[in-house]
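To keep things clear, I will list the structure first and then write my remarks on it.
Every number here is computed from the coordinates shown, using simple stated rules; none is lab data. All figures in this text were calculated on a predicted structure; none of them were measured in a lab. A quick note on method: Cβ atoms are made from the backbone with ideal geometry, for glycine too, and the neighbour counts reach across all protein chains shown.
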Amino acid sequence: MFELNIKNLIGLLGMIILVSSWIPQTFETIKSKKCPLNINFILLYTFSSLLLTIYSLLIKDLVFLILNFLAFLQSFINLYIKLFYEKLKKEN
């Protein structure tokens, strides 16, 4: 069960700030259909976030699970646009 104490509050605050850092980039990527980020960075970040999401499930850490899933989701959106949408746009 999730208990709100100082340790979890610090974790929640860190989660909110870290996930929030991806929001402007993800919105800009969706809006412009272009992702200016380095492909190697996005691949590494997406893969590591996915692994940490799985790890969070295994250790049953809710804060870590939410953080890593949201980080994975936002980085995956950027990766998808970088790999597929930009490629389709170049072909047309």
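Below is a table of values for the structure above.
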quantity	calculated
Those residues of segment 15-38 which are part of a helix (DSSP H, G or I), in contact (Cβ under 8 Å) with a residue 12 or more places away in the chain and surrounded by fewer than 13 Cβ atoms within 10 Å (Cβ to Cβ), in sequence order	Ile23
Residue list for segment 1-13, filter: loosely packed, with under 13 Cβ neighbours inside 10 Å, part of a helix (DSSP H, G or I) and not aliphatic (A, V, I, L, M)	Lys7
So Ser32, is it closer than 18 Å to Tyr80 by Cβ and within 12 Å of the chain's Cα centre (by Cα)	no
Criterion (surrounded by fewer than 16 Cβ atoms within 10 Å (Cβ to Cβ), in a helix (DSSP H, G or I) and in contact (Cβ under 8 Å) with a residue 12 or more places away in the chain) met by exactly one of Leu83, Leu70, Leu58, Leu51	Leu83
